[in-house]
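What follows is one structure encoded as structure tokens, with my remarks underneath.
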Amino acid sequence: MPHISAGSPLTRFLARYRGRTLIVHRGFPPDWLNELLKQPGGGGHFRIDARQLDQGEATPVDWLLQRHVLPLDLPLPLLIKVDNDGNLYLRHLLRGNQVVHPSELYWFLEEIAERHHVYLRVEDGTFKTLTGIPLTDNEARAMLDSL
């Protein structure tokens, strides 16, 4: 991985979130969060409400979302998988106008390296943005293949 300044927001973000998943949202439909918490590992996702980003001093995750993720104008909620190299895989959680069922997150995470809407690759201390599957494609292929 290229050298990144020790005090940079990117370094601080990766120190906390490397190998983790985040769900960025602007609120959830009724009972969606309760259903997520019933799923195996469902409580392990960091949940970040984008409506609260401009309150107080910017944290490294605020920096990431404001500078690199939200300007992509992807639908929310958005699943972000931070791999062990610090690269980010982004996949929105809408199918049509409905948020997918929380049980589908397992399938999305299983295939996110191959099926993501956007991939942010760490390059020269920042991110290079690469597109993936179309925004209209949000079926969990692994789930369909298992039927």
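Overview of values
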{"read-out": "Portion, in percent, of the accessible area of the chain that falls on carbon or sulfur, probe 1.4 Å", "value": "48 percent"}
{"read-out": "Modelled FRET efficiency - R0 22 Å, LEU94 with ALA58, Cβ distances, 0.05 increments", "value": "0.25"}
{"read-out": "Viscosity 1.002 mPa s, 20 °C: Kirkwood-radius Stokes-Einstein D of the stretch 9-145 over Cα pairs, µm²/s", "value": "141 µm²/s"}
{"read-out": "Protection proxy ranking of 8-20, 80-92 - average other beta-carbon atoms within 10 Å, highest first", "value": "80-92, 8-20"}
{"read-out": "Average Cα contact separation per residue, the chain, under 8 Å, 6 or more apart, as relative contact order %", "value": "25 percent"}
{"read-out": "Solvent-accessible surface (1.4 angstrom probe) belonging to TRP63, in square angstrom, nearest 10", "value": "50 Å²"}
{"read-out": "Computed helical MRE - 222 nm, the chain, DSSP H runs ≥ 4 contributing -39500 (n - 2.57), nearest 500", "value": "-5500 deg cm²/dmol"}
{"read-out": "Amide H contacts under 5 Å for VAL100, placed H, 5+ residues apart", "value": "LEU94, ARG95"}
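The values are calculated or read from the model by the stated rules, or taken from the named source; none is laboratory data. None of the values given here were measured: they were computed from a predicted structure. Cβ coordinates were reconstructed from backbone atoms using ideal geometry, including for glycine residues, and neighbour counts include every protein chain displayed. Side chains included, ligands, DNA and RNA excluded: accessible areas come from the protein's heavy atoms. Shrake-Rupley method; radii C 1.70, N 1.55, O 1.52, S 1.80 Å.
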